[in-house]
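Peer 1: Just dropping this structure here.
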Amino acid sequence: MTDPVGPTLFAGMRWSIPGPGMKGTTMTTLAIARMRFNGDAQEFQRRYTSDPEIRAIFEELGQPEGAIRHRTFATDGELIVVDEWESAEQVRAWIGSPGIQRLMSALELGRPEVTIAEQLVLGDELS
């Protein structure tokens, strides 16, 4: 039986499929952290962007070595942080740093559930 969602789901997407003589995709590490927070997402966003203590921690932290992409998402009472890194070791060092611990404390976030995954290059990567 053919999956009727498949062709529609992927229609119009650009695929990056390595062919003969093409360079492969650089391997990266994905880190997904899920944690609870009090209040609603707008309140959290306002505090995150305007609280002087939080802004000072960010200034001190600077750009982490090995970080490629960083995105933050929210659902009801849950914060989901999705990062792409050069290596798992860099993720672990960042998560364990005193600055990140101070930031999480200042934001009153619950203990994160962190998943770290290594990229598999399968030839179906989207560009």
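Peer 1: How would you rank 85-91, 73-79, 32-38, highest first, on the average number of other Cβ atoms within 10 Å across their residues?
Peer 2: 85-91, 32-38, 73-79
Peer 1: Per residue of region 48-65, what does 6.51 cos²θ - 1.76 cosθ + 1.60 with θ = phi - 60° give for ³J(HN,Hα)? Whole Hz please, x for Gly and Pro, Karplus curve as stated.
Peer 2: 4, 8, 10, 6, x, 5, 5, 4, 5, 5, 4, 4, 5, 5, x, 7, x, 5
FYI, it's all coordinate maths here, none of it is from the lab. These numbers were taken from a predicted model, which means no experiment stands behind them. Note that each Cβ is placed from the backbone with ideal geometry, even for glycine, and that neighbours are counted across all protein chains shown.
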